[in-house]
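Derivation of every value follows stated rules applied to the coordinates shown; laboratory data play no part. All figures in this text were calculated on a predicted structure; none of them were measured in a lab. All Cβ positions, even for glycine, are placed from backbone atoms using ideal geometry, and neighbour counts span all protein chains on display.
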């Protein structure tokens with residue numbers, strides 16, 4: 001299988017949260033999981049992912065399950081993910097169950113056999129990513145429960161002197177399209193970790209992926225050329241793309257200043273490069 005290149009920005013991503021192993025979860029949590037799955041006879045900790053304290057592939061009497069969990073006091077993103085799951089299947093794995101007990105919140109998902117998308121130039125994964133993003137625009141957003149992009153990004157937009165209302169719309173968006181969240185399976189690309197479901201313009205997720213293409217080695221010109229192959233891209237005005245690029249340059253500048261991990265610094269630089277490119281075009 002194609003793998004994310006070892007020198008890629010995504011490969012350098014690491015969790016800010018120390019992982020908890022299956023056997024170290026409270027016995028009440030493990031018992032609650034096994035009430036739904038049957039006996040768990042094996043658990044492989046998964047390192048990918050940034051926020052969950054527990055992520056594992058569980059081998060159970062009823063088959064493989066991907067489980068993720070966090071202490072209940074830090075489970076807001078997981079609750080959003082549980083809420084949005086019925087709206088995003090089949091682009092996301094199906095949520096089988098969610099548990100809140102012993103001060104832990106745990107989700108159990110359909111296990112997807114695949115690898116993180118390679119977004120580098122010339123990657124064989126890019127056509128599958130394009131097809132997935134094209135189909136993603138057909139999702140129907142719930143009437144409540146999702147923040148609006150112009151509200152979520154109001155602060156960095158203001159810092160950049162950009163107009164966040166140019167990003168507004170009624171489409172259901174993912175907005176965190178790093179390669180670990182895009183799994184390439186035998187059925188095509190799938191999108192996991194819907195922690196930030198958002199309403200906005202239909203081209204925003206293409207733009208979020210475009211930023212990652214730049215971080216993975218594409219030039220802004222070639223990344224925008226890739227974006228232009230998506231039908232929804234034509235609905236974005238030049239001014240709106242300018243606003244997106246400027247807003248994300250400010251956003252990633254804030255993120256990297258707060259936590260200067262290598263991959264965040266690379267995203268900061270990629271976003272700044274794209275914003276400068278937009279200023280010249």
Highest GNM mean-square fluctuation among 138, 264, 68, for the chain with Cα springs under 10 Å, belongs to 138
In the chain, what percentage of the DSSP-assigned beta bridges are antiparallel, given to the nearest 5? 95
Once the convex hull of the alpha carbons of the chain is built, what does its volume come to per residue, in cubic angstrom? 125
Could you work out how far apart the two model spin labels at residue 144 and residue 115 are, taking each label as a point 7 Å from the Cα in the direction of the beta carbon, and quote it in nm? 4.5
Cα gyration tensor category, rounded, prolate or oblate, for segment 98-212 with a/c compared to 1.5: oblate
Rounded, prolate or oblate: which fits segment 10-112, taking a ≥ b ≥ c as square roots of the Cα gyration tensor eigenvalues, rounded meaning a/c under 1.5, else prolate when a/b beats b/c? rounded
Taking 8 Å as the Cα distance limit and 6 or more residues as the minimum spacing, I'd like the relative contact order of the chain as a percentage. 17
I'd like the distance between the alpha-carbon centres of segment 115-143 and segment 159-206, rounded to an integer number of Å. 10
Taking segment 115-280 and dividing mean pair separation by its residue count, relative contact order in percent (alpha carbons under 8 Å, at least six apart): 27
Does segment 115-280 classify as rounded, prolate or oblate by the C-alpha gyration tensor (a ≥ b ≥ c root eigenvalues; a/c under 1.5 gives rounded; else a/b over b/c gives prolate, otherwise oblate)? rounded
Add -39500 (n - 2.57) for each DSSP H run of 4 or more in the chain, then divide by its residues: what number comes out at 222 nm, to the nearest 500 deg cm²/dmol? -11500 deg cm²/dmol
Short version: what are the Cα gyration tensor semi-axes of segment 81-159, square root of 5 times each eigenvalue, largest first, in whole Å? 25, 23, 15
Compute the acute angle (0 to 90°) between the alpha-carbon long axis of helix 238-258 and the principal axis of greatest extent of the alpha-carbon atoms of the chain; round to the nearest 10°. 50
0 to 90° range, to nearest 10: angle between helix 204-215 axis and the chain longest Cα axis: 90
For the chain, modelled as a Gaussian network with Cα springs under 10 Å, which listed residue fluctuates most, 122, 202, 217? 122
Cα extents of segment 172-223 per principal axis, largest first, Å, are 30, 28, 16
Cα-based helix-to-principal-axis angle, 262-280 vs the chain, degrees rounded to 10: 30
Simple spin-label estimate for residue 46 and residue 281 in nanometres, 7 Å along Cα-Cβ: 3.4
